[in-house]
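Please treat every number below as a calculation from the coordinates, not as lab data. All values reported here derive from a predicted model rather than from experimental measurement. Reconstructed Cβ throughout: ideal geometry from the backbone, glycine too, with neighbour counts over all protein chains shown.
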Amino acid sequence: MTLATSGSAARRPLAALLAAGLAVTLAAGCGGGKSGGSGGGKSTLNVGMPDGATLPANNNPFLDSSFAKKLGYTWLIWEPLAMQDEAKPDQDPAPWLATKWTWSPDYSQVTLTVRDGVKWSDGTPLTADDVAYSFQIQKDHKDVNYYSLPITNVTTSGNQVTVAFDGSQYVNRTKILSTQVINKKQWSAMADPSKDTVANPVGTGPYTIKTTTPSTVTVSARSGYWGAAPKVKTINFTTYSSNDTMGAALVDGQAEWSYYFMSDAKSTFVGKDPAHFKLYFPAQLSADGLWFNTTKKPFDNPHLRRAMSMVINRTDIFNQGEAGYFKPEIDNITGIPTPQGEPYIAAEFKGVSPVTGVAAAKKELTDNGFTYSGNTLMDPTGKPVTLTITDPADWNDYQTDLEIIKDNLATIGVTATIDKANDDAWDDAIAKGNFDAMLHWTNSGTTPYDMYEEIMDSAGLEPIGTAATADFGRYQNPAADAALKAYSNATDDTSRATAMENLEKLFVQEMPMIPTSAGNLGAEYSTRNWAGWPTADNPYEAPQPTRWGMEDVVLHLTPSS
């Protein structure tokens with residue numbers, strides 16, 4: 001029931017905006033603007049997202065195209081059972097609507113204790129039946145079961161709810177605890193809970209909807225909220241027509257919080273007001289990188305993929321393509337982002353860089369059946385190695401990344417062509433396997449399992465021509481399947497560590513996808529009117545405004561002095 005950016009089991013691609021932000025050049029000459037007052041008189045926060053056209057006036061949290069989901073205020077209405085700081089995946093979630101939870105030893109069952117004293121926005125009390133229904137609806141309606149949780153049974157006893165699953169849910173435990181609790185009375189009356197319009201939502205969160213226009217939804221703090229009353233009394237959530245208009249709004253103060261890619265953020269945004277305009281983009285346990293169609297020769301050859309990885313300059317990709325802030329560099333050969341993933345990296349791979357240079361790459365190739373005709377790399381059948389790398393034309397950070405990769409591959413005799421695709425055509429080609437290579441992202445989770453699962457789990461395998469929702473590279477390896485299964489089903493930390501080490505070894509040996517950058521959980525924000533934002537020095541929560549931690553951020557904000 002959360003954004004696809006943190007899921008794995010759902011096997012849904014991440015939203016394009018979250019995958020590769022579009023470049024923006026901020027309007028010149030924009031001065032510091034006003035936004036409902038300042039200092040102690042400030043009561044309104046302005047959030048913006050460059051989503052383009054008018055969005056459906058629907059607040060359904062299960063509908064990806066709804067205002068609530070696109071703009072992020074879903075998390076201020078329907079609260080989770082527990083609050084997870086996604087930038088600290090090894091940290092236990094904080095109790096929220098559940099005050100505690102107990103897992104069975106094999107993680108196939110969880111018992112949740114529902115917080116007392118919580119009232120819905122219509123004044124009725126939150127009950128265990130509401131929490132139970134929030135899982136039962138996922139069991140009964142697959143379209144709202146965002147993570148495809150294998151729920152087998154849901155029962156209540158007093159203020160406790162027990163949810164049983166088909167098999168271990170160790171790798172899904174945080175996803176389960178992030179479940180947004182919905183009002184049973186309101187939702188049980190719906191014909192199709194995945195699509196029905198929710199005009200007047202009933203939630204336990206600190207805000208209710210005040211007004212709705214074709215471009216802005218305004219929420220206001222409500223009385224009767226179970227937690228501390230927020231200092232932010234009103235929040236405007238606005239969809240902007242483009243990245244340019246979004247950027248201009250940030251600079252002139254009409255917007256104060258957003259998430260998207262700026263091609264020159266440090267000068268065009270931060271540089272306009274260094275004291276107040278901030279970038280904070282912590283990494284998550286997911287990877288962006290070069291995916292190959294492993295059903296095509298010679299890209300089915302792991303030695304070619306390994307050699308390509310050895311010469312791709314991740315630092316240039318970070319500093320140039322990702323503007324030195326957006327998607328952090330991956331500097332470990334396992335593809336696991338650090339420091340978040342450091343505890344999971346096997347001893348033999350600690351501190352091992354994926355980049356070893358042209359000489360090492362050429363040796364990898366010539367030792368394994370590849371040859372050279374002048375400066376051109378020839379595959380084991382004697383054909384020149386060429387490939388087309390494809391990504392949508394308007395994903396400017398990815399397009400710059402591809403130019404860097406193209407130049408890097410030329411150093412080992414590989415000729416790459418860049419296809420600047422139409423978005424819809426690209427989506428179709430990737431899903432059906434009609435490509436050589438492409439930059440793409442992975443799912444994320446509390447461990448590197450989710451990242452590896454999406455790349456290497458053949459459970460997501462579909463034949464060429466049939467749309468897939470994971471394993472886009474059509475990679476298939478029984479050893480990888482076994483290691484993934486061993487990790488997800490392990491009942492102790494030692495077994496999990498062994499399975500993770502096996503996954504890392506297979507990944508390094510096979511390199512089915514070349515990781516270059518970590519996914520991020522970041523935001524652009526202004527401290528002119530509001531203080532208390534997450535920072536590198538105070539990383540209490542991931543700041544991205546369209547993810548579940550945004551409620552925690554809002555509740556931390558206080559008027560700037």
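Worth a mention:
- Spatial separation of Cα centroids for the range 41-102 and the range 140-194, in angstrom: 18
- K296-D129 pseudo-label distance in nm [points 7 Å out on the Cα-to-Cβ vector]: 5.7
- Based on DSSP H segments of at least four residues, each scored -39500 (n - 2.57), the chain has a per-residue ellipticity at 222 nm of -7000 deg cm²/dmol.
- Rounded to 5, percent antiparallel among DSSP beta bridges of the chain: 80
- Rounded FRET efficiency, nearest 0.05, which uses the C-beta distance separating K383 from S148 and R0 of 56 Å: 0.85
- The C-alpha atoms of the chain define a longest principal axis, and helix 302-311 lies at about 80 degrees to it.
- Separation of the range 485-561 and the range 378-393, taken as the distance between their Cα centroids, equals 34 angstrom.
- The angle between the Cα long axis of helix 396-410 and the longest principal axis of the Cα atoms of the chain comes to about 20 degrees, rounded to the nearest 10.
- Helix 243-252 and the long axis of the chain differ in direction by around 50°, with both axes built from C-alpha atoms.
- Per-residue extension of 0.36 nm, minus the Cα-Cα distance of D407 and E462, leaves a gain of 16.6 nm for this segment.
- Amide H contacts of D391 (H built 1.01 Å from N, under 5 Å, at least 5 apart or other chain): D419, A421
- Global form of the chain, assessed from the alpha-carbon gyration tensor, a/c cut-off 1.5: oblate
- Of K119/K184; K139/K175; K350/K505; K184/K231; K88/K175, pairs whose Cα-Cα distance is over 18 Å: K184/K231
- A full extension of the chain between T371 and S194 corresponds to an added length of 58.3 nm, given 0.36 nm per residue minus the alpha carbon distance.
- P(r), alpha carbons of the range 477-561 - 10 Å bins starting at zero, rounded %: 15, 28, 18, 24, 13, 2
- Site pair K210 and N538 shows an inter-label distance of 2.5 nm when each label is modelled 7 Å from Cα along Cα→Cβ.
- Taking amide H atoms as placed 1.01 Å from N in the peptide plane, the amide H of V198 lies under 5 Å from those of N59, N60, each 5 or more residues away in sequence or on another chain.
- Listed residue (A361, T124, L76) projecting farthest to the positive dipole end of the chain, Cβ model: T124
- Between K432 and K119, the C-beta separation translates, for a Förster distance of 41 Å, into a calculated FRET efficiency of about 0.25.
- Relative contact order computed over the chain (Cα-Cα under 8 Å; 6+ residues apart), in percent: 22
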